[in-house]
Structure formats: structure tokens, C-alpha cells
Amino acid sequence: MDTVGKFMKWLRDETEAIKASEVKSPKEKVGKNEVVIGTLEDPDLRKLFTLRGLLAERAEAQMKEQLHQAIDGFGQKKEHDSSTCPGCAIRRTLEQMGVRHETINSMCWAGVRAELSDAATIQLSDAGGTIGIREDWQIVICEPEKAAPPSIIEVLSSHGFGFGFPG
Ligand SMILES: [Zn+2]
């Protein structure tokens, strides 16, 4: 199967595995300077947002597990082999999960924008264009500092993990 096909299959399997009862809107309330411009109604998009949250949780859990393995392995003096090195395994996990998370994140926001009414699209563009989802799936125009939450990669990069992803 080609790479895009594999990715799309993974995405379909993941979203189909999310039950309706597991779909949850963000808890964050609408900020006092935010403007509600609609509600996210599409059930598939709601699932995609839920998956976005799940991926972040899973990445964190896997990181913890691998960090423990890496710490256990410290002090064992061997020739460095990236295929068995726990530190390198962490880097690979971060790279793969980070890219997936970024992709799902972009798909979420592209999907939300596609759902907006023409009037809301104009309002969003005139306001400078950052968009967010708040409790009960309200779509808001964000204050500048309340743009989409930082990605895993951004968070980790700010903690000294450098990946040098293009773009
Ligand atoms: Zn290594």
C-alpha cells in the first residue's frame, strides 16, 4: 500500500474506533475577548478533534514509558547503536507522533474552516484569522495569544528537543 493509503487507513481505523460516547468537546470556556462565529456540528469533525486529543495523551504516555526504559539503560556502556538505543527510540517516537499530530491538527482546522458560513469566514478573515474551539463545540475567533494550542513538537522543542522539521 502506498504511504498516503497507509496513512488514510490508519486515520479511518482510528476515527472509526472512537465511539459516539467518547466524543468530547474542549472544556475551555469562551474568552471575554473571543467572538463566537458558529458551532461545530459535523460528527466526523468532532471525532477528528477527539482523536487529536487522544494522540496527545498517547504520545505523553508512550514518552513516559520510553523515558523509564532510557533511564534504566543509563550506565550500561555499549557501543552506540540507534536501533537499540532507548534515547534514539524516543526521538523516533516523537518524530512519528509529532508529524501525525501536526497533520491531524491541520485537518481539524481545515475542516472547521470548511464548515463556516460565508459571513463567518468574512468575519474571521477581517479579524486577522485565528480560530479556536471552545466548550459545547463553539467556534470562536481567538485573541492573538489564544491561537491553536502548541503542538507536541513545539512544546518539546521549547524544552530542548530539536528536530529541525522543515517548515
Ligand atoms: Zn541513541
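Here, each number is a calculation from the coordinates, and none is a lab measurement. This is a predicted model, so every value here is computed, not measured. Note that each Cβ is placed from the backbone with ideal geometry, even for glycine, and that neighbours are counted across all protein chains shown.
Cα centroids of the range 16-71 and the range 79-102: how far apart, whole angstrom?
So the two Cα centres are separated by 23 Å.
For Ile122 and Glu22 in the same chain, what is the full-extension length gain: residue separation times 0.36 nm, less their Cα-Cα distance, in nm?
Contour length minus Cα-Cα distance gives 32.7 nm.
To the nearest 20 debye, what is the magnitude of the charge dipole of the range 29-112 about its Cα centre, counting +1 on the Cβ of each Lys and Arg and -1 on the Cβ of each Asp and Glu? Present the calculation step by step, with values, prior to reporting the outcome.
Details: 12 positive and 12 negative charges, 30 e Å.
In total the dipole reaches around 140 debye.
Run through every distinct alpha carbon pair of the range 1-135 and return the Kirkwood hydrodynamic radius in angstroms, one decimal place.
In the range 1-135 this quantity evaluates to 17.7 Å.
Taking amide H positions as placed in the peptide plane 1.01 Å from N, state which residues far from Ile131 in sequence (5 or more) or on other chains have amide H under 5 Å from it.
Excluding prolines and chain starts, which carry no amide H, the hits are Cys142, Ala148.
Considering only Cα-Cα distances, which of the following residue pairs are longer than 18 Å: Lys6/Lys64; Lys27/Lys64; Lys9/Lys47?
Numbers: Lys6/Lys64 27 Å; Lys27/Lys64 25 Å; Lys9/Lys47 15 Å.
Violating the 18 Å limit, Cα to Cα: Lys6/Lys64; Lys27/Lys64.
Please compute the net charge surrounding Ala120, taking Lys and Arg as +1 and Asp and Glu as -1 over other residues with Cβ under 14 Å from its Cβ. Before the final figure, lay out each step's value.
Numbers: positive: Arg113; negative: Glu34, Glu41, Glu115, Asp118, Asp126.
Cβ neighbours under 14 Å give a net charge of -4.
Rank these for me by crowding, Arg58, Arg46, going from fewest to most other beta carbons within 10 Å.
On the way: Arg58 12, Arg46 20.
The most exposed by this proxy come first: Arg58, Arg46.
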